[in-house]
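Student: Below you will find the structure I want to go over with you.
The values are calculated or read from the model by the stated rules, or taken from the named source; none is laboratory data. For clarity, every value in this text was computed on a predicted model and none was experimentally measured. Note: ideal-geometry Cβ built from the backbone for every residue, glycine included; neighbour counts use all protein chains shown. Each accessible area value is taken on the protein alone, full model and side chains, heavy atoms only, with ligands, DNA and RNA left out. Shrake-Rupley method; radii C 1.70, N 1.55, O 1.52, S 1.80 Å.
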Amino acid sequence: MSLENRVLELEKETALLKQEIKNLKKLLNLNVPADDSEWIANRAGEGMIKVVYPGIYDPDKSPSVGFPHNRRKIAEQIKVGQMMFIYVTRPVKKIIGLTRVVSSVKPSDGKWPYVVDLEWIIVPKPGLTLAEAGLNIRPRIGESLYAIKKSAADRILQQLNEQPDL
């Protein structure tokens, strides 16, 4: 079994275990965080948050995001027209803007073997942390894309719209 397939299997197992824990907490009437179901790691959706490095700020280049070899299947889930919030890791750890996907995944000779082109819908702003967005996401190695529900996307959109452009 390839490493990529093993990672996908482990992610599915983890998701099933998380769901089982949620079900047990409900059964035992334990407090389940409200925003726990507002996102899922390593999935594409109508609304997404992509963790990127600061090169996304370059005003002379059209924005794009890359994916490593072991995330090809995730990159292939992304479709033209989907919305992607951009979360930068440096110089701040914040959601700084909103983009629309303008290309399907394509191979690249650059740092990342798979790339998706974007266009800015909300240009970079001072940004908001994931906590300020009401999400309990803690980006970890191997997690660079989060599908989010409309309720979370609407909150982020409202907060970004209230900020000045960079």
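Student: Inspect the stretch 99-121 for any residue being within 18 Å of Ala41 (Cβ to Cβ) and of a type in the set (D, E, K, R) and give the result as yes or no.
Tutor: no
Student: Something else: Take the residues in the stretch 20-56 that are open to solvent by less than 40 Å² (accessible area, probe 1.4 Å) and of a type in the set (Asp, Glu), then tell me which one is modelled with the highest pLDDT.
Tutor: Checked the stretch 20-56; the qualifying residue modelled with the highest pLDDT is Glu38.
Student: Looking only at strands (runs of 3 or more DSSP E) that fall completely inside the stretch 1-111, which ones have 1 or more residues that are within 21 Å of Lys150 (Cβ to Cβ) and among the basic types (Lys, Arg)? Lay out the reasoning, then the answer.
Tutor: Numbers: elements: 39-41, 47-52, 64-67, 83-88, 94-101.
Where strands (runs of 3 or more DSSP E) fall fully within the stretch 1-111 and carry at least 1 residues being within 21 Å of Lys150 (Cβ to Cβ) and among the basic types (Lys, Arg), they are 47-52, 94-101.
Student: Could you tell me whether the stretch 143-162 includes any residue that is of a type in the set (Val, Ile, Thr) and open to solvent by 60 Å² or more (accessible area, probe 1.4 Å)?
Tutor: Taking every residue of the stretch 143-162 in turn, none turns out to be of a type in the set (Val, Ile, Thr) and open to solvent by 60 Å² or more (accessible area, probe 1.4 Å).
Student: Outside any loop (DSSP other than H, G, I, E, B) and not small (Gly, Ala, Ser): is that true of Leu166 in this structure? Reasoning before the result, please.
Tutor: Numbers: outside any loop (DSSP other than H, G, I, E, B): no; not small (Gly, Ala, Ser): yes.
So Leu166 does not fit the description; no.
Student: Another question, if that's okay. Go through the stretch 100-139 and count every residue that is charged (D, E, K, R) and farther than 18 Å from Lys61 by Cα. First the steps, then the outcome.
Tutor: Narrowing the stretch 100-139 to residues charged (D, E, K, R): 100, 106, 109, 111, 117, 119, 125, 132, 138.
Imposing the further condition that a residue be farther than 18 Å from Lys61 by Cα reduces the set to 132, 138.
Final tally of qualifying residues: 2.
Student: Same structure, new question: If you scan the stretch 116-139, which residues turn out to be open to solvent by 30 Å² or more (accessible area, probe 1.4 Å), in contact (Cβ under 8 Å) with a residue 24 or more places away in the chain and either closer than 24 Å to Leu8 by Cα or in contact with a Pro (Cβ under 8 Å, 6 or more places away or on another chain) (or both)?
Tutor: Passing the criteria: Asp117, Glu119, Trp120, Pro126, Asn136, Pro139.
Student: State which residue is farthest from Pro107 (Cα to Cα) when the search covers only the stretch 57-93 and only residues that are open to solvent by less than 60 Å² (accessible area, probe 1.4 Å) and small (Gly, Ala, Ser).
Tutor: For the stretch 57-93, the residue satisfying everything is Gly81.
Student: Continuing with this model, one more query. List the pairs whose first member sits in the stretch 53-79 and is closer than 22 Å to Lys94 by Cα, whose second member is part of a strand (DSSP E or B) and open to solvent by 70 Å² or more (accessible area, probe 1.4 Å), and whose Cβ atoms are under 9 Å apart, counting only residues at least 6 apart or on separate chains?
Tutor: Ser62/Glu119; Pro63/Glu119
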